[in-house]
1. In Å, what is the Rg of the alpha-carbon atoms in segment 50-159, and how long is Dmax?
2. I'd like the Karplus ³J(HN,Hα) series for segment 177-191: coefficients 6.51, -1.76, 1.60, θ = phi - 60°, whole numbers in Hz, and an x wherever there's a Gly or Pro.
3. Within 13 Å, Cβ to Cβ, of residue 132, how many net charges do the neighbouring residues add up to if Lys/Arg are +1 and Asp/Glu are -1?
4. Would you mind checking which residues have amide H under 5 Å from residue 197's amide H? H placed 1.01 Å from N; only 5 or more apart, or other chain.
5. Once ligands and nucleic acids are excluded and a 1.4 Å probe is used, how much of residue 70 is accessible, expressed in Å² to the nearest 10?
6. Rounded to two decimals, what ratio of Rg to Rh does segment 188-239 give with C-alpha atoms and a Kirkwood Rh?
7. Once you sort the root eigenvalues of the Cα gyration tensor of segment 115-155 as a ≥ b ≥ c, which label holds: rounded (a/c under 1.5), prolate (a/b larger than b/c) or oblate (the other case)?
8. Along the three principal axes, how long is segment 109-252 when you take its alpha carbons, biggest first, rounded to the nearest angstrom?
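The values are calculated or read from the model by the stated rules, or taken from the named source; none is laboratory data. Just so it is clear, the model here is predicted, and its values are computed rather than measured. Note: ideal-geometry Cβ built from the backbone for every residue, glycine included; neighbour counts use all protein chains shown. Areas reflect the complete protein model, heavy atoms only, side chains present, ligands, DNA and RNA absent. Shrake-Rupley method; radii C 1.70, N 1.55, O 1.52, S 1.80 Å.
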Amino acid sequence: MHRSAPRLSRILACAAVPLMLVAVGCSSDSGSGAEGKKNAGSSSSGTGSTKPTKPAVEPAKFTDLPDACTSIAKKTIAELVPEAKKGGTAGRSSDLSVRGSCSWNGLDDKGVKGSQYRWLDVAFTRFGSDQSLGSGAARATEDYTKQITKEKASEGAQKVAAAAAPGIGDEATAITYSLNKTDEDFENATIVARTGNVVVTLTYNGAGYAGAKTPSAADILKDAQKAAKEAVAAVGATAGSGSAEATPPAGDAEKTPSAGEPEDDGKKDDKKASAKATAKS
């Protein structure tokens with residue numbers, strides 16, 4: 001009996017050691033897990049509350065537009081459009097600081113030798129910088145591309161060609177084509193140019209009436225480029241420059257006949273009919 005008691009005590013002591021180790025291990029794991037979850041939660045919360053900041057868009061270069069009807073020199077108008085109405089005809093616009101246009105047309109009547117008809121149109125569209133829409137320059141570049149595509153797809157256009165027009169604004173493209181309408185052959189040249197946040201679209205075309213010779217495509221293009229350079233220069237010379245304040249998108253202004261799109265067919269027919277009548281008389 002006395003010998004078995006010490007032996008039993010030793011067995012119980014040894015059995016108690018693993019139980020203590022297990023308890024300590026569980027206690028340690030539990031603490032680490034709770035602390036880990038707490039730290040993870042804190043880290044996740046901190047990340048979620050941080051919102052990325054959008055970079056500010058570049059301010060628009062130009063804050064105004066020149067008067068479209070004075071953007072091309074009177075001398076140039078007289079050379080390109082014979083017998084043109086002085087001052088031109090301004091297009092309608094609800095905001096001339098965003099969109100403006102002007103057109104001239106004239107007939108040089110040579111009697112029995114025939115007559116020469118010319119039509120010139122210039123249009124300006126300005127794009128403001130907007131945090132949600134982008135910079136004025138980027139928006140103008142997008143419209144510049146659209147205008148070129150639109151002009152190349154002109155209804156009835158034949159022998160369409162497009163080429164870069166260097167030396168006009170930041171970038172420019174010349175689109176040329178022939179057009180037969182009301183039994184007359186027209187040569188057409190459109191210059192689409194971008195300067196900063198402004199798109200300039202200038203169209204020049206001509207035809208010979210009553211047996212007069214149709215003007216050459218090369219001459220029409222050359223004259224169109226000359227006028228386009230003056231129009232683009234007018235943007236920098238007369239339009240305000242600097243950081244533009246919030247500006248309504250160009251699309252919000254009342255749409256005016258653009259130089260990149262032909263006049264209303266009814267108006268064109270009226271002009272041509274009048275020209276024919278004058279030539280015949």
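1. 19.5, 81
2. Coupling constants for segment 177-191: 6, 9, 8, 9, 8, 6, 6, 10, 9, 10, 10, 10, 9, 10, 10 Hz.
3. On the way: positive: 54, 139; negative: 130.
Local net charge: +1.
4. Amide H to amide H, under 5 Å and 5 or more residues apart or across chains, residue 197 pairs with 61, 62.
5. Probe radius 1.4 Å; accessible area of residue 70 about 100 Å².
6. Details: Rg = 13.6 Å, Rh = 12.1 Å.
With Rg and the Kirkwood Rh in hand, the quotient comes to 1.12.
7. Numbers: a/c = 5.57, a/b = 2.25, b/c = 2.48.
Judged from the Cα gyration tensor, segment 115-155 comes out oblate (a/c at least 1.5, b/c at or above a/b).
8. 60, 29, 28 Å, listed from the longest principal axis down.
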